[in-house]
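Working notes for the structure below.
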Amino acid sequence: MLLAGFAVLAPVLSLLVLAVQGSPGHWAHLLDHVLPHAFVQTVTLLIGVGAVSAALGVGGAWLVTAYDFPWRTTLSWALMLPLAVPTYIVAYAYLDVLHPIGPVQGALRWALGYDSPREFRLPDLRNLPGAIVLMGFVLYPYVYLTTRSMFATQAASLIEASRLLGHGPRSTFFRVVLPLARPAVAVGLSLVLLETLNDIGASEFLGIQTLTVSVYTTWVSRSDLAGAAQIALLMLGLVIALIAAERRGRQRLRYSAGRRAHPLRPRRLEGVQAGLATLLAAAPVVIGFLVPAVYLLQQTVGRLAQEGPPSVQLLRAGWNTVAISLWATLLTLALGLVVAWSAHIMIRPRRWQQALPRLATLGYALPGTVLAIGLLFPVMALDHALVWLRDLFGLDSVRLILMGSPLVLAVAYVIRFLTISVGSVEAGLARIPASMEQAARLLNETLNGTLRRVHLPLLKPALATAALLVFVDSMKELSATLLLRPMNFETLATWLYGEAARGTYEEGAIAALGIVLAGLIPLIMLSRVQQHNRHEHHA
């Protein structure tokens, strides 16, 4: 557990050291030419994406919870589908779909009687409003999932009381329903903002100079590590502010519904209202998932039909993605199990012992670029120690095993996604009856024996869920991979990034489709779990 806490804290301390090493001239240059524009762009993007995601997530959750209309059951789980598509893939797809000579604008010109893009063309997608809309339609499911769970457990009596007091549907929603759901909205919105801050692909594709993009260009293009660390330090401050705001919102807003709270029964809609509700619920699914998914499928089929099987380089990138994601998953599960189980068996833990599991799960809040820069100093220090050992003992076979190898990528993935493993194991341990552990103690079973014979068999579902989520998130990770990958080491995400940068969209479609298909697996499992829980609740 101490190792996990140190692994998360070390990059943060390293980032502070690297930022301080920069000369005052670095800060002056950044303050004059980089930070003002990048900071304004980042904050505007966060506010815009947060507003769009909140509107779509809360609106969709209330629509499928409070009303009954055609395709409501299907749309209730389909609204989660955009989570399977990373933001950089959506930007990649829409840049080609909405290209001036693409299918959408071509069809519009034909319908309106125009012959060329010079006569009619839609506004360019490469701007801040375009990025806000696209990212909002991809990230809203974070708000949708947390808010819908809150709506489903709200007491119908509160809404009925509001109606008896003369409030209409709109007034009831804004005065009763929405205030009760604000803690859930805050949780989902914080996840949206963290994902937006971590994004690098969509922002760069769409021409938005965010702090994350500035870190990448300052480090890679200008070879200015100290300047990149100073920008990353500002990003870390934004992360801390977001987490503090979310925690404060949850502490100040707590509600209790009575013991025998009856869930809300959806009101049946007919005619035009039913059709409009179906269209409103389907629009986010179409824009955030169906359009990019159909585009990727079409491009992949066309690419395979014209040029045959994928290239050796793409197959190697796919193998690298699976291999590094598998190693990261195994390491994350093992470390997460140790952290959660160690905290579980403590009888009277001290404050610092209680804080360690929470500290170990803070890695998810670190943007990939911040984590990558923070890992440089400790990784290089370890490699230099190994070189010193080689010189001391004459071990010629010892070399730099971290820098320049995929192992550092696996370490970054473990730190970033450890919170998934710890959370899943903690939830699984909480469901194990205390009587089973007491029975093991009465049979003189040791702690390790209890873990092996009692806990691990009962934790298999939780471990399987955590493994799947960590594996898929590792496959999709782009920002940390771009900065920490070895030379000539490609994953599906970096392959897609390179093809998009070169404008060869057809070559990247296969990699993008593979990532999307992998992302669908946990969503299918999540929808089944939710359906099972609803059936048990109604029973």
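The values are calculated or read from the model by the stated rules, or taken from the named source; none is laboratory data. Just so it is clear, the structure is predicted and the values come from calculations on it, not from any experiment. Cβ coordinates were reconstructed from backbone atoms using ideal geometry, including for glycine residues, and neighbour counts include every protein chain displayed. Calculation scope for accessible area: heavy atoms of the full protein, side chains included, ligands and nucleic acids excluded. Shrake-Rupley method; radii C 1.70, N 1.55, O 1.52, S 1.80 Å.
With each label modelled as a point 7 angstrom along the Cα→C-beta vector, the Asp115-Ala501 pair spans 4.1 nm. Extension gain, Val104-Ala51: 0.36 nm per intervening residue step, less the Cα-Cα distance, totals 16.4 nm. Relative to the current alpha-carbon distance between Leu517 and Val20, full extension at 0.36 nm per residue lengthens the span by 174.6 nm. Peptides 90-102, 175-187, 133-145 ordered by packing proxy, namely the average of other Cβ atoms within 10 Å per residue, highest first: 133-145, 90-102, 175-187.
Using a probe of 1.4 Å, the accessible surface attributed to Ser221 totals some 90 Å² when neighbouring protein chains are kept in position. Each residue, Leu13 and Trp71, gets one label point 7 Å from its Cα in the Cβ direction; the gap between the two is 5.5 nm.
Accessible surface ranking for Asp224, Asp115, Asp199, Asp32, 1.4 angstrom probe, highest first: Asp115, Asp32, Asp224, Asp199.
Net charge dipole, region 28-119: roughly 140 debye, given to the nearest 20, about the Cα centre with Cβ charges of +1 for Lys and Arg and -1 for Asp and Glu. In this calculation the C-beta distance from Leu304 to Leu280 is compared with R0 = 35 Å, giving a FRET efficiency of 0.45.
In Å², what does the accessible area per residue of region 403-460 work out to with a 1.4 Å probe? Kindly include the intermediate steps, with their values, before the conclusion.
Working: 2960 Å² over 58 residues.
Normalised by residue count, the accessible surface of region 403-460 is 51 Å².
If R0 is taken as 25 Å, the Cβ-Cβ distance between Asp124 and Val220 corresponds to a FRET efficiency of 0.45.
Sort Leu456, Leu496 by accessible area with a 1.4 Å probe, largest first.
Leu456, Leu496
Multiplying the sequence separation of His384 and Glu445 by 0.36 nm and subtracting their Cα-Cα distance, what value in nm do you get?
Full extension from His384 to Glu445 adds 17.6 nm.
The accessible-area ordering, largest first, of the residues Lys460, Lys476 stands as Lys460, Lys476, per a 1.4 angstrom probe.
Packing, taken as the mean count of other beta carbons within 10 Å per residue, orders the peptides 123-131, 428-436 from highest to lowest as 123-131, 428-436. According to the square roots a ≥ b ≥ c of the eigenvalues of the Cα gyration tensor, what is the shape class of region 53-154, taking rounded for a/c under 1.5, prolate for a/b larger than b/c otherwise, and oblate for the remainder? Because a/c hits 1.5 or more and a/b exceeds b/c, region 53-154 counts as prolate. Taken along the Cα-to-beta-carbon direction at a fixed 7 Å, the label points for Leu297 and Ser405 span 4.3 nm.
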